[in-house]
Amino acid sequence: MQKLTIGLFGFGVVGEGIFEVLNNTPSLCATIKKICILHPDKKRKAPGELFTSDREEILCDPEINVIVELIDDAEAALDITRAALSKGKAVVSANKKMIAEHLEELLVLQKKYGVPFLYEAAVCGSVPVIRNLEEYYDNDMLKGIRGIVNGSTNFMLSRMNAGGVSYADALCEAQQAGFAESDPTLDVSGRDALNKLVILLLHAYGTRTEPHKLLCRGISLLHPSDSVVAGERGWRIKLVATALKLKCGKVAAFVLPEFVRNPDPLFQVQNEFNGVLIESQLADQQFLFGKGAGRYPTSSAVLSDIAALRYDYRYEYRKLSSGLTPSLTQDLYLKIYVGFNSWNEVNKWDFETISEFHSTADRQYLVGTIHLEKLRNAEWFHDGSAPVILMPEGIIEKRAVLEHSLKKISLQLAGV
Ligand code: HSE
């Protein structure tokens, strides 16, 4: 068994957690030798001699063979990871932004230096979804993944719906509980979930992409009346990351708020919990559920990666090199709900069909079918403020034959 001597970068919510947990897990044979921090004057819950603000003290220490990187600056984290891998030090990271945005380079570095780079904590906190996808599911058997992968927004939606808490207060609570990113716009804009989806795509299908190439919407534009609509129908609004293998063999992937109804397993995922529904051809549905954010759940995943280093575990990225890697497609239709105050907030002609239109004194909404690519490129979608929510079973692979002719009739029936 390898003795692990750790250099820790960052002593925030998770860094402090991992320090505490490692001290209480002597069986792991892993010790933290030095901790690199940005602000040396801040009071810390660890002996002062452990701290340094000079990263080279860790990176150039030959005794340190593992770098645990838990800082929130993705560019600085990349620099540390580059330096560590090039010096033959294994790296454990929770930085999904760094990984998703620099996937190609990180894959090259791992190959070049042949050292493990593990990041289970980057996706779904304590839920072991990466290793599961990496090890268990064969490429052509995996039909799709739908997941609540951001704990903060799920916590906020739960608080807003059940507790009648305002958006601002719910966000404040998520920050105080240590669930949110230090820049919480990453959570509420859906970009944190998107970064995680990029990582999931790699391990589920071997498909490499960049976050900006995928359709993404978070929860920041949701309006209280959207929750009323959900409540009336017995649904819940969830922020869901989806990757779906289509009949054409390609994969569609996006992050959108979604109306989820019972008995969809995602319906019961509340607060900071995450849930990933994996659908495969033989096993049918499997559901992974657990805490996705917070000090100890995230520490548990970091700890598990550290433990895996003792037997030199590394991701093999078998699906990436299998030659069967599916490419991404935007060629599918989505049935979506759009809320608005006046028609100039949305272009109804972008829709193939509009099946519902509701209007009250102060709010309107439609339910319609739209091509994913058209939605992604629509000015009203990317620059506007109209909430967009995927309907239950709202993914439509093939255009229905009658859709075109129905479009006009639907609009007439809707009286628009
Ligand atoms: N801000 C992230 C979340 C932390 O809320 O899910 C865990 O990745």
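The values are calculated or read from the model by the stated rules, or taken from the named source; none is laboratory data. Model, not experiment: these values are computed from the prediction. Note that each Cβ is placed from the backbone with ideal geometry, even for glycine, and that neighbours are counted across all protein chains shown. Ligands, DNA and RNA are excluded from the accessible area calculation, which covers all protein heavy atoms including side chains. Shrake-Rupley method; radii C 1.70, N 1.55, O 1.52, S 1.80 Å.
So is TYR119 at pLDDT 95 or above, among the aromatic types (Phe, Trp, Tyr) and away from the ligand (no atom under 16 Å from the Cβ) or not?
No; evaluated as a whole, the condition is false for this residue.
Counting residues that are modelled with pLDDT under 95, surrounded by fewer than 23 Cβ atoms within 10 Å (Cβ to Cβ) and touching a His at 6+ places or on another chain (Cβ under 9 Å), which helices (runs of 4 or more DSSP H) fully inside region 132-216 reach at least 3?
Of the helices (runs of 4 or more DSSP H) lying wholly inside region 132-216, none has at least 3 residues that are modelled with pLDDT under 95, surrounded by fewer than 23 Cβ atoms within 10 Å (Cβ to Cβ) and touching a His at 6+ places or on another chain (Cβ under 9 Å).
Looking only at region 86-133, which residues are among the charged types (D, E, K, R) and closer than 19 Å to ARG310 by Cα?
Residues satisfying the conditions are LYS87, LYS89, GLU120, ARG131.
So, in region 217-235, how many residues would count as being in contact with a helix residue (DSSP H, G or I) (Cβ under 6 Å, 6 or more places away or on another chain) and buried (at least 21 other Cβ atoms within 10 Å of the Cβ)?
Here the count works out to 2.
So how many residues does region 174-201 have that are more than 10 Å from the ligand (Cβ to nearest atom) and small (Gly, Ala, Ser)?
Residues that pass the stated criteria total 2.
Which residues, counting only those in region 339-361, are open to solvent by 50 Å² or more (accessible area, probe 1.4 Å) and part of a loop (DSSP other than H, G, I, E, B)?
Of everything in region 339-361, those that are open to solvent by 50 Å² or more (accessible area, probe 1.4 Å) and part of a loop (DSSP other than H, G, I, E, B) turn out to be ASN341, ASN347, THR360, ALA361.
Considering only region 287-325, state which residues are away from the ligand (no atom under 16 Å from the Cβ), of a type outside the set (A, V, I, L, M, F, W, C) and surrounded by 21 or more Cβ atoms within 10 Å (Cβ to Cβ).
LYS319 - this is the single residue of region 287-325 that is away from the ligand (no atom under 16 Å from the Cβ), of a type outside the set (A, V, I, L, M, F, W, C) and surrounded by 21 or more Cβ atoms within 10 Å (Cβ to Cβ).
If you take the residues in region 308-338 that are modelled with pLDDT of 95 or more and small (Gly, Ala, Ser), which one is nearest to the chain's Cα centre (by Cα)?
Of everything passing the filter in region 308-338, SER327 is nearest to the chain's Cα centre (by Cα).
Could you tell me which numbered condition GLY249 fails, if it satisfies all but one of (1) out of contact with any strand residue (DSSP E or B) (no Cβ under 7 Å at 6 or more places or on another chain); (2) on the phi > 0 side of the Ramachandran plot; (3) buried (at least 18 other Cβ atoms within 10 Å of the Cβ)?
Going through the list (1) out of contact with any strand residue (DSSP E or B) (no Cβ under 7 Å at 6 or more places or on another chain); (2) on the phi > 0 side of the Ramachandran plot; (3) buried (at least 18 other Cβ atoms within 10 Å of the Cβ), GLY249 breaks only (3).
Check VAL129, VAL66, VAL123 and return the single one that is touching a Lys or Arg at 6+ places or on another chain (Cβ under 7 Å), buried (at least 24 other Cβ atoms within 10 Å of the Cβ), within 30 Å of LYS245 (Cβ to Cβ) and among the β-branched types (Val, Ile, Thr).
VAL123
So which residues in region 85-94 are without any contact (Cβ under 8 Å) to a residue 60 or more places away in the chain and open to solvent by less than 10 Å² (accessible area, probe 1.4 Å)?
Result: LEU85, VAL91, SER93.
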